[in-house]
Amino acid sequence: MAKQEPIRINKFLAECGVASRRGAEDLIITGKVKINGKVAELSDKVIPGKARVEVSGKRVALKARSHVYIMMNKPRGYVTTMSDERGRKCVADLLKDVKVRVFPVGRLDMLSEGLLLLTDDGDFANRLTHPSFHIGKTYKVVVRGALTEDQQKALAEGIELDGEKTAPAEVSVSPAKDGRQTVHITIYEGKNREIRRMCEALGVEVMRLKRERIGNLSLGLLPCGKCRYLTEKDIRKIFAGE
């Protein structure tokens with residue numbers, strides 16, 4: 001039998017389906033993870049099956065099973081969490097028929113809508129969210145008025161937010177009509193509320209924001225508020241051209 005090698009605690013939690021690696025790091029930093037009764041640190045490693053790992057007092061362990069991948073057409077008014085201390089509607093409310101514990105891959109803010117993926121596969125989530133994998137996320141943004149050429153250029157080249165410039169984006173615009181304009185923006189990183197904050201920095205009012213595509217996978221005809229399981233073909237579409 002091959003000797004099991006120790007793995008980083010954040011990777012272990014991701015493989016258990018607790019959260020993505022980034023999400024697992026947040027759990028560790030906030031002291032919610034224990035290894036053999038001791039509060040875990042980011043540098044800790046464990047050998048699966050040899051250590052007792054708990055998250056918020058509940059033991060977690062690797063399970064021999066296939067992973068679950070779900071597409072949701074998130075409605076506006078829902079927060080992208082599995083529970084909410086303030087009692088707001090959250091995406092977990094739309095997953096009543098899903099028996100496996102899953103978590104969202106990235107986020108859509110409460111006022112945004114569209115394509116959201118959920119899974120119990122931490123490595124899959126890491127590939128989708130880490131900028132080094134260069135997976136594009138395409139958004140349909142309806143703005144009040146119309147973007148100037150300078151504003152379009154700024155969105156495409158990057159805007160400084162909190163002292164750091166956003167990565168280049170792909171921007172295409174439709175002709176303005178009835179005092180509004182539809183803009184399609186593809187970004188390759190996932191800063192918090194990135195598109196809304198980019199528009200705010202330029203003085204552009206966002207009237208509606210919908211994520212339509214991740215990689216080459218689009219929402220298709222999935223109704224608002226509904227979910228479906230991804231097929232192997234769907235997953236290949238996400239990473240096509242990676």
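Listed values, structure above:
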| quantity | calculated |
| --- | --- |
| Spans of helices (runs of 4 or more DSSP H) in the stretch 93-212 with at least 1 residues outside the structural domain of Leu13 (by TED's automatic domain parsing) and more than 30 Å from Arg21 (Cβ to Cβ) | 149-157 |
| Some residue of the stretch 160-172 being surrounded by 15 or more Cβ atoms within 10 Å (Cβ to Cβ), out of contact with any Gly (no Cβ under 8 Å at 6 or more places or on another chain) and more than 23 Å from Tyr78 (Cβ to Cβ) | yes |
| Test for Ser112: is it surrounded by fewer than 20 Cβ atoms within 10 Å (Cβ to Cβ), farther than 22 Å from Thr30 by Cα and polar (S, T, N, Q) | no |
| Leading residue by the ranking (surrounded by the most Cβ atoms within 10 Å (Cβ to Cβ)) among those in the stretch 74-89 that are of a type outside the set (Asp, Glu) and over 24 Å from Thr138 (Cβ atoms) | Met82 |
| Neighbours by Cβ (under 6 Å, 6+ apart or cross-chain): first from the stretch 18-29, closer than 14 Å to Lys45 by Cα and free of Cβ contacts under 8 Å to residues at least 40 places away in the same chain; second surrounded by 20 or more Cβ atoms within 10 Å (Cβ to Cβ) and of a type in the set (Gly, Ala, Ser) | Ile28/Ala40 |
| Wholly enclosed strands (runs of 3 or more DSSP E) of the stretch 9-73 bearing at least 2 residues surrounded by fewer than 12 Cβ atoms within 10 Å (Cβ to Cβ) | 58-60 |
| Residue within the stretch 216-238 that is closer than 20 Å to Gly106 by Cα, free of Cβ contacts under 8 Å to residues at least 60 places away in the same chain and of a type in the set (Asp, Glu) present | no |
| Pair list, Cβ under 8 Å, 6 or more apart: the stretch 69-80 residue under 15 Å from Leu111 (Cβ atoms) and touching a residue at least 12 places away in the same chain (Cβ under 8 Å), other residue among the hydrophobic types (A, V, I, L, M, F, W, C) and in a strand (DSSP E or B) | Lys74/Leu115; Lys74/Leu116; Tyr78/Cys90; Val79/Cys90; Thr80/Cys90; Thr80/Leu116 |
| Residue in the stretch 175-182 that is over 19 Å from Lys74 (Cβ atoms), without any contact (Cβ under 8 Å) to a residue 60 or more places away in the chain and among the small types (Gly, Ala, Ser) present | yes |
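The values are calculated or read from the model by the stated rules, or taken from the named source; none is laboratory data. Given the structure is predicted, the values throughout are model-derived calculations rather than measurements. Positions of Cβ are generated from backbone atoms using ideal geometry, with glycine treated the same way; all protein chains shown enter the neighbour counts.
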